[in-house]
Amino acid sequence: MTVDPYAESGEFIDVFSRDAWQTLGPPIVSALRGAVPAHGPILDIGAGTGLGTFLVAETLPTAEVVAVEPSPVLRAVLLSRLAAGESLRPRVTVVATGIENWQPPPRLGGVLAINMIGHLDSQRRRLLWAELRTRLATGAPLIVNLQPPAEVTVVPPSVFSTITIGRHTYEGSGDARPAGDDDDTVTWTMRYRTRTADGTTVRDLVVVYPWHVVSGTQLLDELADAGFDAAVGELDVVVATPRD
Ligand SMILES: C[S@@+](CC[C@H](N)C(=O)[O-])C[C@H]1O[C@@H](n2cnc3c(N)ncnc32)[C@H](O)[C@@H]1O
């Protein structure tokens, strides 16, 4: 059985991802302008709590969206968000599985895979790019982003987000080190602290999971081999389109 790296930390992922999505939004919206919703649905792979799914649905008001998300806790947030409003319910389908266990529809109008490719090893990524290449409309984008580190190395501890909700301040931090047993993998140790106004830590959750490192060059090579033209753009957002 596959281990869900978000089983415990899933509680915090949505609140800590909001700022990042504010920043990532513009280059992703710009890439989505090339989508072809008339050809098929837009696929959001590893949709998480739906921050990208909603951006797709709002940017492309006629598009059907399919959100693939294996983590029950993240999926619960996504489903709740969808259930909360009438408007997107008819257009967004949530698929409860990892991408490796599911066959995408034969035609796709675009694909998003944001903040997630490190969950897939290089063999799985290559299979995925090949599968998507045959399904994507001419000119339709596969939108992926690169995340640090770009090589297997030590990443010192740093705080990546804080947010105050009520009387509690939530702080997310993390560090990474080479996994040692696999030459493309680091082990991230993520720490989620909950503090009161006087600085007392009332919860301290530590989660460890593997992450497959992929550099820009490596990703562009993989995409070229699968038949895509691709470039690394603003904020390391990679836009790939099927080569003619
Ligand atoms: C850091 S979260 C990003 C979520 C969302 N894309 C975002 O940016 O807010 C990584 C996501 O990838 C998902 N994921 C992990 N392995 C996956 C797989 N094999 N297939 C599809 N999604 C996967 C996780 O469950 C999680 O939702």
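Looking at (1) within 16 Å of the ligand (Cβ to nearest atom); (2) out of contact with any helix residue (DSSP H, G or I) (no Cβ under 9 Å at 6 or more places or on another chain), which is the only condition Glu151 fails?
(1)
Look through Pro72, Pro41 and report the one residue that is of a type outside the set (D, E, K, R) and closer than 20 Å to Pro106 by Cα.
Going through Pro72, Pro41 in turn, the sole match is Pro41.
Name the single residue, out of those in the stretch 182-205 being under 21 Å from the mean Cα position of the chain (by Cα) and in a strand (DSSP E or B), that is surrounded by the most Cβ atoms within 10 Å (Cβ to Cβ).
Out of the qualifying residues, it is Val186.
Scanning the stretch 1-25 for residues that are of a type in the set (S, T, N, Q) and in a helix (DSSP H, G or I), which turns out nearest to the ligand (Cβ to nearest atom)?
Filtering first and then ranking leaves Ser17.
For the stretch 26-45, enumerate the residues that are free of Cβ contacts under 8 Å to residues at least 40 places away in the same chain and either within 11 Å of the ligand (Cβ to nearest atom) or not in a helix (DSSP H, G or I) (or both).
Scanning the stretch 26-45 gives a single hit, Arg33.
So, of the residues in the stretch 82-99 that are farther than 15 Å from Val111 by Cα and touching a helix residue (DSSP H, G or I) at 6+ places or on another chain (Cβ under 7 Å), which turns out to be nearest to the ligand (Cβ to nearest atom)?
The qualifying residue nearest to the ligand (Cβ to nearest atom) is Ala96.
Under 6 Å by Cβ, and 6 or more places apart or on different chains, what pairs join a residue from the stretch 11-23 that is among the hydrophobic types (A, V, I, L, M, F, W, C) with one that is outside any helix (DSSP H, G or I) and away from the ligand (no atom under 11 Å from the Cβ)?
Listed pairs, sorted by first residue: Phe12/Tyr192; Val15/Ile163; Phe16/Ser161; Phe16/Gly172.
If I go through the stretch 139-181 residue by residue, how many of them are among the charged types (D, E, K, R), in a loop (DSSP other than H, G, I, E, B) and free of Cβ contacts under 8 Å to residues at least 60 places away in the same chain?
2
Could you please give the count of residues in the stretch 206-226 that are touching a strand residue (DSSP E or B) at 6+ places or on another chain (Cβ under 8 Å) and either buried (at least 20 other Cβ atoms within 10 Å of the Cβ) or assigned to a strand (DSSP E or B) (or both)?
Qualifying residue count for the region: 10.
Consider Ile114 carefully, then state whether it is surrounded by 13 or more Cβ atoms within 10 Å (Cβ to Cβ) and more than 17 Å from Val214 (Cα to Cα).
It is false that Ile114 is surrounded by 13 or more Cβ atoms within 10 Å (Cβ to Cβ) and more than 17 Å from Val214 (Cα to Cα).
Laboratory data are not the source of any read-out in this text; all were calculated from the coordinates shown. Computed from a predicted model, the values in this text were never measured in an experiment. For neighbour counting, all protein chains shown are included, and Cβ atoms are generated from backbone atoms with ideal geometry for every residue, glycine included.
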